[in-house]
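Visitor: This is the structure I want to talk about, given as structure tokens.
The values are calculated or read from the model by the stated rules, or taken from the named source; none is laboratory data. Predicted model only: the values in this text are computed from it and were never measured. We place every Cβ from the backbone using ideal geometry, glycine too, and count neighbours over all the protein chains shown. For the accessible areas, the whole protein counts, side chains as well, though only heavy atoms, and no ligand, DNA or RNA atoms are used. Shrake-Rupley method; radii C 1.70, N 1.55, O 1.52, S 1.80 Å.
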Amino acid sequence: MTAPSAYVDLDDASAILAADSLGALHSAALAGAQIRATASAVREGLLAPLDGLRPRSVVLVAASGPARRASALVAAVLAPTAGVPVVSLPATPPWVGPLDVVVVAGDDAGDPAIAESVAAGVRRRAEVVVAVPDEGPVADAGAGRVVSFPPRVRVLDRNSYARHVAVMAAVLAAVDPASSVGDLDAVADAVDAEAMRHHASVEVFQNPAKGLASRMAGRRVLMTGDGVVATEVARHGAASLLRAAGVVAAATELSDAVGVIHDLGAIGGDSAESGSVDYDPLFHDDQLDGPPPADPVRVFTVSTDPDDSLVRRRVAVLGEVDVVRADDDGGPRTDLEAPAPAAVPGPTTPVGASLRRALVLAVRIEAAAAYLQLSNSQASGGRA
């Protein structure tokens, strides 16, 4: 994959859509639909076997990919206030038993590790919920002895994060009222409102995803989070950039970045330190010309705190940094974009509001990754 070009016009909607042969933008826009489909399944009674159950623990099992990052986010948001222990693990542990609920999540129904986690939970007589496509070895491992929660909305695997978060949150709410995030449909509405702002026809200065993509193009990216929840979103964002657009991005806590930022080279825009204008890799000699220049670093700080005053004081020492945050009314924004549109109804619980803000920002970064992928394709003559 060719590196993104900073000179690709992201406002050329027709070219962007023509390059989107795999439906990357459409897939990124379906996060709200995935959450809403999960809410519909709950209303239909899919989780009825868990009614009245008060488990010893809820174990979120996900080995890798969006499911693994979703389990980390759900644990970060809900575990501190949950009435039962919430554990996020890569495989079903040997200590689970009839008093536990195990949620096994993933996107590959043929993954033997996922199938083994399902089988292990069944053998130990735990209540097992399987959020994996209902086919292949995983379906055989459950064999009617689990609550199957397969995806109802088809998306690219890299965009399944919102579905996994919604399923795990729904299971926790079913067994522990203290963990309820409120109305999942309201969370879906907030995510849909965010996705509407990402449409290819919306110009960069009004499109938060395009704005992020334009700031990331041609740079090294450092994603930071101003807290536990925000750091999990930053990690998902870095993985999305790598998987969708081939952008190698680091993710860390904001406190770690503060200590090393001045050792990372040029920060922000077109610094003279990048030296890319005179650099020719064909004729460059490290012994004569010194080390090759590095692309400038662009720092993005994700914040899920409804009060932005603290994070802005913390990033002030870093120089030029993009603070990526969602207002408490559900409207996403950064320093670089126009005010958010009118608020959509939101969930009533504090943990629901925190989860909503996290998902809004995660979906935004996924869309930015899609735009970077498409600008890649456009810059390289359509070869993504």
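Visitor: Restricting attention to region 126-149, which residues are of a type in the set (D, E) and outside any helix (DSSP H, G or I)? First the steps, then the outcome.
Guide: Within region 126-149, the first condition is being of a type in the set (D, E), and the residues that meet it are 127, 134-135, 140.
The answer is E127, D134, E135.
One line per residue, one yes/no per condition, for (1) under 23 Å from G182 (Cβ atoms); (2) in contact with a strand residue (DSSP E or B) (Cβ under 7 Å, 6 or more places away or on another chain):
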| residue | (1), (2) |
| --- | --- |
| P55 | yes, yes |
| S64 | no, no |
| R68 | no, no |
| A72 | yes, yes |
| L78 | yes, yes |
| V86 | yes, yes |
| A91 | no, yes |
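Visitor: Tell me which of these A63 doesn't satisfy, since it passes every other one: (1) modelled with pLDDT of 95 or more; (2) assigned to a loop (DSSP other than H, G, I, E, B); (3) in contact with a Pro (Cβ under 6 Å, 6 or more places away or on another chain).
Guide: For A63, the exception is condition (1).
Visitor: Something else: Given the criterion modelled with pLDDT of 95 or more and of a type in the set (V, I, T), identify the matching residue among V77, V8.
Guide: Working: V8 fails: modelled with pLDDT of 95 or more.
Result: V77 is the single residue among V77, V8 that is modelled with pLDDT of 95 or more and of a type in the set (V, I, T).
Visitor: Moving to a separate point now. Are any of the residues in region 106-113 in a helix (DSSP H, G or I) and in contact (Cβ under 8 Å) with a residue 12 or more places away in the chain?
Guide: Step one: of region 106-113, the residues in a helix (DSSP H, G or I) are 112-113.
After this cut, where a residue has to be in contact (Cβ under 8 Å) with a residue 12 or more places away in the chain as well, the list is 112-113.
Looking for residues that are in a helix (DSSP H, G or I) and in contact (Cβ under 8 Å) with a residue 12 or more places away in the chain, one finds at least one in region 106-113, hence yes.
Visitor: Continuing with this model, one more query. Kindly establish whether G142 is among the small types (G, A, S), modelled with pLDDT of 95 or more and open to solvent by less than 30 Å² (accessible area, probe 1.4 Å). Talk me through it step by step, then tell me what you get.
Guide: Details: among the small types (G, A, S): yes; modelled with pLDDT of 95 or more: no; open to solvent by less than 30 Å² (accessible area, probe 1.4 Å): yes.
No, not satisfied.
Visitor: In addition: Restricting to region 240-256, give me the number of residues that are in a helix (DSSP H, G or I) and either surrounded by fewer than 22 Cβ atoms within 10 Å (Cβ to Cβ) or touching a His at 6+ places or on another chain (Cβ under 9 Å) (or both). Spell out the reasoning first.
Guide: Just the residues of region 240-256 that are in a helix (DSSP H, G or I), to begin with: 240-245, 254-256.
If we keep only those that are either surrounded by fewer than 22 Cβ atoms within 10 Å (Cβ to Cβ) or touching a His at 6+ places or on another chain (Cβ under 9 Å) (or both) too, we end up with 242-243, 255-256.
Count: 4.
Visitor: Residues being out of contact with any Gly (no Cβ under 6 Å at 6 or more places or on another chain) and open to solvent by less than 40 Å² (accessible area, probe 1.4 Å): count how many of those fall in region 94-106.
Guide: First, the residues of region 94-106 that are out of contact with any Gly (no Cβ under 6 Å at 6 or more places or on another chain): 94-101, 103-106.
Pick out the ones that are also open to solvent by less than 40 Å² (accessible area, probe 1.4 Å) and you get 96-97, 100-101, 103-106.
Summing the residues that are out of contact with any Gly (no Cβ under 6 Å at 6 or more places or on another chain) and open to solvent by less than 40 Å² (accessible area, probe 1.4 Å) in region 94-106 gives 8.
Visitor: Give just the number: which of (1) in a strand (DSSP E or B); (2) surrounded by fewer than 20 Cβ atoms within 10 Å (Cβ to Cβ); (3) polar (S, T, N, Q) does T81 not satisfy?
Guide: Here T81 clears every test but (1).
Visitor: Ok, one more. Among A18, A62, A113, A91, which is aliphatic (A, V, I, L, M), within 24 Å of R364 (Cα to Cα) and open to solvent by 30 Å² or more (accessible area, probe 1.4 Å)? Can you show your working first?
Guide: Details: A62 fails: open to solvent by 30 Å² or more (accessible area, probe 1.4 Å); A113 fails: within 24 Å of R364 (Cα to Cα); A91 fails: within 24 Å of R364 (Cα to Cα).
Only one candidate passes the filter, namely A18.
Visitor: Can you give me the number of residues within region 24-54 that are in a loop (DSSP other than H, G, I, E, B) and either touching a Phe, Trp or Tyr at 6+ places or on another chain (Cβ under 9 Å) or open to solvent by less than 20 Å² (accessible area, probe 1.4 Å) (or both)?
Guide: 2
Visitor: Could I ask something else about it? Answer yes if at least one residue in region 6-23 is closer than 26 Å to G352 by Cα, free of Cβ contacts under 8 Å to residues at least 12 places away in the same chain and outside any loop (DSSP other than H, G, I, E, B), and no otherwise. If you could, list the steps in order and put the result at the bottom.
Guide: Of region 6-23, the ones closer than 26 Å to G352 by Cα are none.
Taking every residue of region 6-23 in turn, none turns out to be closer than 26 Å to G352 by Cα, free of Cβ contacts under 8 Å to residues at least 12 places away in the same chain and outside any loop (DSSP other than H, G, I, E, B).
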